[in-house]
Amino acid sequence: MTYFLYPGCSLEAGGSHYLVSVEAVAHALGLTLKEIDDWNCCGASIHYVGGTELQTKTLNARNLALAQKQGGYDIIAPCSSCYIQMIKTAHEFEEEPKLAEELNQILAEGGLNYTGGVKVRHILDVLYHDLGVERLAAAVKKPLTGLKVASYYGCQTTRPYGEYDSVENPHTMDEILEALGAEVVPFEHKAKCCGSGIFFTEMETCAPLAGGILGEAEEKGADMIVTACPMCQMNLEIYQPRLNKILGTEYDMPVVFVTQLMALAFGGDFKKDAALDRNIVSAAEVLKNAAA
Amino acid sequence: MATKAYDKSFREEVYQNVDSGEDVKLCMQCGVCGITCPLRGEMTHGPRQLWSLIRAGKRDEVMNSPDIMLCTSCYSCKVRCPRGVKVIDVMHGLAHYALEQGIVPRKETSKFGKAFWDSIYKTGRVDETEVPMRYTLMAGPIHGIFNMLEMMDIGRALLAHKRMKFKIGPGLPPSKKIKGMKGLKKMLDKAKAMSPGKEG
Ligand code: SF4
Ligand code: SF4
Ligand code: SF4
């Protein structure tokens, strides 16, 4: 099975541990990932400050056009913000002929053209629907027995079309984590927003949102929060000391990508495959305590 | 950046000049979006009330509302609105429209967002750790949340954990451009000219 990988800007830097572990997981499961050559940024959640809606759609249409030209494989966008931006443009291109025409007029300025049909997929979608939980379970060499995890999807991961999971009460990542042998604690904040794209610039305003997520995870006895979005990972992890100051709390909660745990459970190396040495709030100890 | 239709009512101005602004017409004032926003406690009006102010032609109240920039882009409204209003796109459209007229609904988000877009427009990409660093170091502390030293600490931690590509400092290397930058720039310019409320 061959897919395009759209790493997006955050997997190149702040989410580099996501990229390493996604590649390790793909390798272990026999998936071929090709990077879309010369992709551009999707615009993320903050595009509107400088750009118009049509400009943001242009960014995404260019990536879709490149993907079509380079083979037309399904695009995996591990970053939830990238996923939402790309799938929005892909959908609206199919649904609104006038927009499709406009976008092609614009793409022509750079010698490109898009005829539609390229699929945009979240990594959870591909893991759950194309491979299936049973195949994932069969690949496990070191089950994560005894590890208690809060499965946190965040707000954008399964929205806005509900193409592969419920938009209000998602379950795909829970089942993937259970297939790895982990115990998934009940988690009401699973699809609540952490502050997303304005977290960094509105941290005091957004602190209670992130605090609610970290707080419930702790209350439910989770050893770590598991996520599939680089923005959630960054917001909840690297700013934890700041949040503690603002909220008067003492959170010290590892926030780990689902693919990092998969890489580990599939028998991969802690550093080389799971890139768990890149987490700033270290998960080494809780993972050692679990039977992994 | 000229905007048309100042002579018409504010309502018409929004329908014509604001991205997705026409969607406001579809709203039936059920209030679902208003109670859905994660930051509703921080908002004065929230989306539903903003729509009704737009219809009532309350230009100043809408354009000066910080709420239009307190949308986190969570997409909850998008999946819940019974009328299919693109609530989030209208919020973003209003924020963009206000900024173009020199109104700044939220200072820090505006500055940061501008740095973000500039990077896209110049290089085609954004370094999601570098832009915050650059922005903090150059623009000074963000209203008391960060001071530069703290941001440097976070930067160092990211660097040590292989999550940042560059060392921070005054000699930050310029980001690499995508190969098709020339074409992308042309496309973005054309898209701007074709956007609602723009001459072209
Ligand atoms: S959401 Fe972030 S990572 Fe994804 S392409 Fe866009 S800027 Fe880059
Ligand atoms: S949820 Fe939709 S219909 Fe209801 S008030 Fe909001 S925009 Fe209007
Ligand atoms: S996307 Fe924005 S407007 Fe919609 S519920 Fe979330 S914060 Fe509110």
- Message: Can you tell me which condition B:Gly34 does not meet? The list is (1) within 14 Å of ligand 3 (Cβ to nearest atom); (2) under 23 Å from A:Ile84 (Cβ atoms); (3) within 14 Å of chain A (Cβ to nearest Cβ), and all the others hold.
- Response: (3)
- Members of segment A:161-189 that are touching a Ser or Thr at 6+ places or on another chain (Cβ under 8 Å), modelled with pLDDT of 95 or more, open to solvent by 10 Å² or more (accessible area, probe 1.4 Å) and within 22 Å of B:Arg80 (Cα to Cα): A:Phe187
- Members of segment B:35-52 found to be within 15 Å of A:Cys193 (Cα to Cα) and surrounded by 19 or more Cβ atoms within 10 Å (Cβ to Cβ), listed by number: B:Thr36, B:Cys37, B:Pro38, B:Leu39
- Task: Scan segment B:76-84 and give yes if some residue there is in contact with a Leu (Cβ under 8 Å, 6 or more places away or on another chain), more than 20 Å from A:Glu204 (Cβ to Cβ), within 16 Å of ligand 2 (Cβ to nearest atom) and of a type in the set (A, V, I, L, M), otherwise no.
- Result: no
- Query: Of all residues in segment A:49-61, which are in a helix (DSSP H, G or I) and either among the small types (Gly, Ala, Ser) or more than 12 Å from ligand 1 (Cβ to nearest atom) (or both)?
  - Reply: A:Val49, A:Glu53, A:Leu54, A:Gln55, A:Lys57, A:Thr58, A:Ala61
- Cβ-Cβ below 8 Å, separation at least six or inter-chain, first residue in segment B:57-80 and on the phi > 0 side of the Ramachandran plot and hydrophobic (A, V, I, L, M, F, W, C), second within 16 Å of ligand 2 (Cβ to nearest atom) and open to solvent by less than 10 Å² (accessible area, probe 1.4 Å): which pairs? none
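Test A:Gly111 against the criterion of being within 11 Å of chain B (Cβ to nearest Cβ) and surrounded by fewer than 17 Cβ atoms within 10 Å (Cβ to Cβ), and give yes or no.
Yes.
From the list A:Ala28, A:Ala67, A:Ala13, A:Ala24, pick out the single residue that is assigned by TED's automatic domain parsing to the domain that holds A:Leu112, open to solvent by less than 10 Å² (accessible area, probe 1.4 Å), touching a residue at least 12 places away in the same chain (Cβ under 8 Å) and among the small types (Gly, Ala, Ser).
Answer to the check: A:Ala67.
What about A:Val149, is it away from chain B (no Cβ under 14 Å), surrounded by 24 or more Cβ atoms within 10 Å (Cβ to Cβ), modelled with pLDDT of 95 or more and not in a helix (DSSP H, G or I)? Even if it seems obvious, please write down each step before you answer.
Numbers: away from chain B (no Cβ under 14 Å): yes; surrounded by 24 or more Cβ atoms within 10 Å (Cβ to Cβ): yes; modelled with pLDDT of 95 or more: yes; not in a helix (DSSP H, G or I): yes.
In short, yes.
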- Looking at (1) within 11 Å of chain B (Cβ to nearest Cβ); (2) touching a residue at least 24 places away in the same chain (Cβ under 8 Å); (3) open to solvent by 10 Å² or more (accessible area, probe 1.4 Å), which is the one condition that is false for A:His129? (1)
- Task: Taking A:Tyr73 as the residue in question, decide whether it is more than 14 Å from chain B (Cβ to nearest Cβ) and in a strand (DSSP E or B).
- Result: no
- Task: Could you please find all residues in segment A:1-48 being of a type in the set (Gly, Ala, Ser), more than 20 Å from A:Ala263 (Cα to Cα) and assigned to a loop (DSSP other than H, G, I, E, B)?
- Result: A:Gly43
- Query: Any idea how many residues of segment A:216-242 are surrounded by 24 or more Cβ atoms within 10 Å (Cβ to Cβ) and part of a helix (DSSP H, G or I)?
  - Reply: 8
- Message: Tell me the residue from B:Arg83, B:Arg55 that is modelled with pLDDT of 95 or more, more than 14 Å from the chain's Cα centre (by Cα), open to solvent by 40 Å² or more (accessible area, probe 1.4 Å) and more than 16 Å from ligand 1 (Cβ to nearest atom), please.
- Response: B:Arg83
- Unmet criterion (only one of (1) within 21 Å of the chain's Cα centre (by Cα); (2) within 14 Å of another protein chain (Cβ to nearest Cβ); (3) among the acidic types (Asp, Glu)) for A:Asp223: (2)
- Query: Which residue pairs have Cβ atoms under 8 Å apart, sit 6 or more places apart or on different chains, and have a first residue in segment A:261-287 that is free of Cβ contacts under 8 Å to residues at least 24 places away in the same chain and closer than 19 Å to B:Leu158 by Cα and a second that is in a helix (DSSP H, G or I) and open to solvent by 40 Å² or more (accessible area, probe 1.4 Å)?
  - Reply: A:Phe270/A:Asp277; A:Lys271/A:Asp277
- Name the residue, out of A:Ile246, A:Ile198, A:Ile213, that is touching a residue at least 40 places away in the same chain (Cβ under 8 Å), within 13 Å of another protein chain (Cβ to nearest Cβ) and either of a type in the set (Phe, Trp, Tyr) or open to solvent by 40 Å² or more (accessible area, probe 1.4 Å) (or both). A:Ile246
- Task: Any chance you could count how many residues in segment A:209-241 are farther than 24 Å from A:Ala290 by Cα and modelled with pLDDT of 95 or more?
- Result: 4
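The values are calculated or read from the model by the stated rules, or taken from the named source; none is laboratory data. As the structure is a computational prediction, the values presented were derived from the model and not from experiment. Neighbour counts are summed over all protein chains in view; Cβ atoms, including those assigned to glycine, are modelled from backbone coordinates with ideal geometry. Side chains included, ligands, DNA and RNA excluded: accessible areas come from the protein's heavy atoms. Shrake-Rupley method; radii C 1.70, N 1.55, O 1.52, S 1.80 Å.
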